[in-house]
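Heads up: the structure comes next, in structure tokens.
The values are calculated or read from the model by the stated rules, or taken from the named source; none is laboratory data. This is a predicted model, so every value here is computed, not measured. FYI the Cβ positions are ideal-geometry reconstructions off the backbone, even for glycines, and counts take in every protein chain you see.
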Amino acid sequence: MNGTIEKFNRHVVHSYGRYDLVLDSGKSRTAVDDGGKEYIDFGSGIGTNSLGYCDEKWVEAVCAQAHAIQHTSNYYYTKVQADFAAKLCELTGYSKMFFGNSGAEANECAIKIARKYSFDKYGKDAQRWVIITLVNSFHGRTIATLSATGQDVFHNYFFPFVEGFVNAEANNIDDLKAKLKENEGRVCAVMFECIQGEGGVIALDKEFVKAAAEECEKNDILLICDEVQTGVGRTGKFLACEHYGVKPNIVTLAKGLAGGIPIGVCLTDEKTCEVLTPGTHGSTFGGNPIACAGGLAVLDRVSSEGFLEGIDAKAAYFREKLSEIGEVEGVDGIGLMIGVRLKTKDAHDVAKACLDSGLLILTAKEKLRFLPPLTITKEEIDKGIAILRSVLEQ
Ligand SMILES: Cc1ncc(COP(=O)(O)O)c(C=O)c1O
């Protein structure tokens with residue numbers, strides 16, 4: 001291991017539980033460790049390396065941008081930012097977007113827009129700043145997004161949390177209506193993930209999402225979809241909310257959007273795109289040209305003919321193979337965002353055993369979680385499933 005792990009642990013704050021694995025390189029859907037051992041990747045970072053490792057066109061775009069101009073302040077414009085934003089708005093049907101660097105930042109922006117929308121329209125005295133989020137949600141690690149996150153386990157140590165977040169039960173429209181009633185006139189937004197990712201890969205019901213969107217529309221409450229994990233083709237549609245037939249006022253994206261380079265985006269519709277004005281929000285690195293170049297390569301690929309249909313086919317195949325394994329109790333999620341319930345085994349033990357056998361997988365709560373690169377092939381699915389099967393049958 002060349003002392004990497006010891007050196008790292010001596011100098012880096014211990015805020016993650018890590019495997020004893022040092023990754024050195026990667027190609028396509030295979031990662032290589034510092035001893036030359038190969039691993040099929042069913043996690044793609046955590047859904048970030050959407051085109052796999054070092055995709056040729058992506059590398060070309062990123063390197064060309066690094067040679068041209070790597071960064072400039074947001075006092076100036078760059079072409080690659082304009083091209084990226086135009087393409088993303090064209091693909092999603094949104095009016096405008098804000099550039100940040102991560103999922104949490106994208107959500108911070110959404111929260112600020114929601115609150116300012118109500119402030120501008122109803123005034124400060126209305127205190128119309130409550131945001132309803134769902135129990136078991138996950139929205140990030142900054143203080144505001146932790147406060148938005150509907151899991152008690154995250155509401156510790158860092159007091160005081162940000163006020164103005166109320167949780168309603170997922171898939172329980174009566175509870176959402178009750179929370180709206182309790183906070184009548186004070187709610188500026190409802191925010192959720194269409195598929196709760198960190199919460200255990202749990203897709204919301206269509207009826208619930210539709211009814212929630214109707215309640216928002218009726219009461220001039222903004223609907224925010226956190227598509228940090230579900231967006232950019234992961235579910236077989238560019239946005240997961242397309243499966244639900246709703247168009248939120250605000251959508252946040254991050255993870256897979258730039259193929260593994262930090263980016264976070266807050267998409268705004270015609271109602272919300274003028275809320276932020278000069279000086280009300282910003283980010284030094286937001287819209288970094290190299291991230292935008294990588295992002296454009298991702299957008300070009302995901303919007304290429306037949307790509308999303310290909311994800312549907314691969315996902316159906318992946319899911320079928322998983323459900324044939326005896327230890328598998330059920331397969332959750334949509335498209336290539338997959339959660340697996342196991343009958344008897346512990347998901348974390350299984351993930352560790354898979355790693356030892358050359359397969360990288362993720363967990364979410366008590367489930368196995370798979371977020372493979374969108375470019376994964378059937379052969380690679382077979383190879384990874386064979387490893388998983390042998391681990392589960394041991
Ligand atoms: C749905 C969702 N929102 C927000 C975040 C936070 O993203 P980031 O870690 O990039 O800040 C995550 C990360 O897992 C996520 O899954």
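For every residue, the table says whether it meets (1) among the polar types (S, T, N, Q); (2) within 30 Å of residue 77 (Cβ to Cβ).
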residue	(1), (2)
101	yes, yes
112	no, yes
130	no, no
134	no, no
143	no, no
146	no, no
158	no, no
182	no, no
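Hey, can you tell me all the residues within segment 297-346 that are in contact with an Asp or Glu (Cβ under 8 Å, 6 or more places away or on another chain) and crowded, with 20+ Cβ neighbours inside 10 Å?
297, 335, 338, 339, 340, listed by residue number.
Looking at segment 1-34, which of its residues are in contact (Cβ under 8 Å) with a residue 24 or more places away in the chain and farther than 24 Å from residue 302 by Cβ?
Across segment 1-34, the qualifying residues are 1, 2, 4, 19, 21, 25, 34.
Take the residues of segment 340-381 that are in a strand (DSSP E or B) and over 18 Å from residue 39 (Cβ atoms): which is farthest from the chain's Cα centre (by Cα)?
From segment 340-381, those in a strand (DSSP E or B) are 340-342, 359-360, 362-364, 367-370; that's our starting set.
If we keep only those that are over 18 Å from residue 39 (Cβ atoms) too, we end up with 340-342, 364, 367.
Values: 340: 18, 341: 21, 342: 24, 364: 13, 367: 18 Å.
Looking at residues that are in a strand (DSSP E or B) and over 18 Å from residue 39 (Cβ atoms), I get 342.
Filter segment 270-296 for residues that are touching a Leu at 6+ places or on another chain (Cβ under 8 Å), crowded, with 23+ Cβ neighbours inside 10 Å and of a type outside the set (S, T, N, Q) and give the result. Spell out the reasoning first.
Here is the first cut: in segment 270-296, the residues touching a Leu at 6+ places or on another chain (Cβ under 8 Å) are 271-272, 295.
Right, trim to crowded, with 23+ Cβ neighbours inside 10 Å and you get 272, 295.
295 - this is the single residue of segment 270-296 that is touching a Leu at 6+ places or on another chain (Cβ under 8 Å), crowded, with 23+ Cβ neighbours inside 10 Å and of a type outside the set (S, T, N, Q).
Filter the helices (runs of 4 or more DSSP H) completely within segment 140-254 down to those with at least 3 residues that are within 15 Å of the ligand (Cβ to nearest atom), farther than 21 Å from residue 334 by Cβ and modelled with pLDDT of 95 or more. Break it down stepwise before answering.
On the way: elements: 143-148, 173-182, 206-218.
Fully inside segment 140-254 and qualifying: 143-148.
Search segment 206-225 for residues that are on the phi > 0 side of the Ramachandran plot and pair each with any residue that is in a helix (DSSP H, G or I) when their beta-carbon atoms are under 8 Å apart and the residues are at least 6 apart or on different chains.
From residues that are on the phi > 0 side of the Ramachandran plot, the pairs are 220/121.
Would you check which residues across segment 24-59 are closer than 19 Å to residue 287 by Cα and surrounded by fewer than 16 Cβ atoms within 10 Å (Cβ to Cβ) and list them?
Scanning segment 24-59 gives a single hit, 59.
Under 8 Å by Cβ, and 6 or more places apart or on different chains, what pairs join a residue from segment 100-121 that is assigned by TED's automatic domain parsing to the domain that holds residue 264 with one that is among the polar types (S, T, N, Q) and part of a helix (DSSP H, G or I)?
104/145; 107/145; 108/145; 111/145
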